1. Somewhere in region 103-112, is a residue at positive phi and touching a residue at least 24 places away in the same chain (Cβ under 8 Å)?
2. Report, by residue number, each residue of region 153-175 that is among the small types (G, A, S) and surrounded by 11 or more Cβ atoms within 10 Å (Cβ to Cβ).
3. Looking only at region 176-191, count how many residues are at pLDDT 80 or above and either under 11 Å from A227 (Cβ atoms) or crowded, with 16+ Cβ neighbours inside 10 Å (or both).
4. Being open to solvent by 70 Å² or more (accessible area, probe 1.4 Å) and either touching a residue at least 40 places away in the same chain (Cβ under 8 Å) or under 20 Å from S377 (Cβ atoms) (or both) is the filter here, so list the residues in region 451-464 that pass it.
5. Condition (residue is modelled with pLDDT under 90, closer than 22 Å to M145 by Cβ, exposed (fewer than 11 other Cβ atoms within 10 Å of the Cβ) and among the aliphatic types (A, V, I, L, M)) applied to region 65-88: is it met by at least one residue?
6. Please list, ordered by residue number, the strands (runs of 3 or more DSSP E) wholly in region 312-428 having 1 or more residues that are open to solvent by 50 Å² or more (accessible area, probe 1.4 Å), touching a strand residue (DSSP E or B) at 6+ places or on another chain (Cβ under 6 Å) and modelled with pLDDT of 80 or more.
7. Can you tell me which residue among K93, K55, K122, K105 is surrounded by 16 or more Cβ atoms within 10 Å (Cβ to Cβ) and of a type outside the set (A, V, I, L, M)?
8. Failed condition for I23, given (1) closer than 30 Å to M181 by Cα; (2) open to solvent by 40 Å² or more (accessible area, probe 1.4 Å), with all others met?
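The values are calculated or read from the model by the stated rules, or taken from the named source; none is laboratory data. On a predicted model such as this, the values are computed, not experimentally measured, just so you know. Because the Cβ atoms are built from the backbone with ideal geometry, glycine has one as well, and the counts that use them run over all protein chains shown. We work out accessible area using only protein heavy atoms, side chains counted, and drop any ligands, DNA or RNA first. Shrake-Rupley method; radii C 1.70, N 1.55, O 1.52, S 1.80 Å.
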Amino acid sequence: MKVWQKIYLVVLCISVLFVNMGIYAVFQTTYQKNIETEQVRGEVDYTVISKNIQKSMQAMDEQGRLTREAAADLIKIYEEDHAKQEMQIKLWKNQVQLYPKKWEKIPYPTTETQTRITIRGKRQKKELVVVSAWKQDQDVYYLYMNYPLKELNATWNQLHRIYLVVSFGISLVLAFSLYLMLRFLLRPLKRLEEHVLAIREGDYSSRIEMRGDDEFARLGENINAMADTIETTMHRLQEDSQKKEQLVDNLAHEMKSPLTSIYGFAEYLMKGRVEPEEAIECYSYIMEESQRMKDMCYVLMDLSEIRNKQITFSDFSAKEFVAGLEMLANRRQSECLETEKVSIRWNNLMPEGQKIYGNRNLLEMLVWNLLSNAIRSCLHKREETQEQVGIVVWMESGRETERSIHLRVCDEGIGIPEEKLKHITEPFYRVDKGRSREQGGNGLGLALCRQIVDLHHGTMTFSSVVDQGTAVSIQLWES
């Protein structure tokens, strides 16, 4: 049985019960008032008849004509006068019944000063019974009178019919009104049920529109919020799953090329007759490919360490941080002649005594990875255009907190297509796979940068124009 049907039956039963109790109470009160009215009227009628009989019997006693037969005839006359009322009158003298001429016990014994009025019988057959006594000379007379209350019985029958009609009519109207009201009020529950069923079937984009500010509306909002959370979680899980599959595929692809080269050169050295100069060249290729695999493993280990290890943060001087980066760049530039073809300019706009809050080693790794990507981009453009290219590194203090910084690395390299910008922080992703491999890239640098920025509760955004350059903006707040 559905919820609305249970509510309908319970409310209907309670409502019909109380409504009928109220109607019955009204009719019962009306009927009781009619009984009291009949009782008062019967008492008046009996008083008149009783006094007339007493006067007549006293007059007959004074005349010496009061005999049993005379008293019986007197009562018979009064009884015939009220024959339309179907009245019965009985008389006793000292426990001896005078009229009618049969022996009966006095129904309701009473004293000489008391009149007993009783309404007895079932509801449709009520009758009035009055008994009283009086003393005349040395004798005690008991007068009994009863007659059916026809008007009262008719009134009861009429009230009973009216009660049944009114009760049935009100119950029917109440049942129909309650049905319409519940179906209208619980209509949102049906929509909620359909919405939840849609979510259960896997349609996480299903949303329900609820109006008002009642419990159903708030429940609908909570279900929509739950659906949003589920949909977001499912998308995240799907993306994570796809990223894991892509990571495995990319890793296998990255490993395949150097392993194939190493195996090929090793097999050639093993099976062929190789001249010393040619052997040295083969060994050189093997070492280069091995070094590339080693570098890739180190970066993967860095990613794993950052993800799983608790990193410590501390305050350090911004001036010393920039000086260390410049020294590192100069040392790398002296080690690699190609970097001399690219100019690097540092704009340190941070005030004297500025502090940076974070992990210094990770932030140095962050800036150097960005700088390395910018150098590779600029070198390729220089090879194509023979133009002088440069890189500008901006660092300035943030306005959000005293220990926040803004970092911007801008290059004049080959740029990145707009549709590929959102993928460049994915592991092993390359804008140009062949070109990046030749230049020593493994597609993990920006993934490492993203993880370092997230660890420092910062943001990293990219903007780029093909053949004009790329700008990376990083904001690091106090953790």
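1. First, the residues of region 103-112 that are at positive phi: none.
Checking region 103-112: not a single residue is at positive phi and touching a residue at least 24 places away in the same chain (Cβ under 8 Å).
2. Passing the criteria: A154, S167, S171, A175.
3. So the answer is 2.
4. Residues of region 451-464 that are open to solvent by 70 Å² or more (accessible area, probe 1.4 Å), as a first pass: 454, 457, 461.
Within region 451-464, T461 is the sole residue that qualifies.
5. Yes.
6. Values: elements: 314-317, 342-348, 355-358, 389-397, 405-411.
Result: 314-317, 342-348, 355-358, 405-411.
7. Details: K55 fails: surrounded by 16 or more Cβ atoms within 10 Å (Cβ to Cβ); K122 fails: surrounded by 16 or more Cβ atoms within 10 Å (Cβ to Cβ); K105 fails: surrounded by 16 or more Cβ atoms within 10 Å (Cβ to Cβ).
Only one candidate qualifies: K93.
8. Result: I23 passes all but (2).
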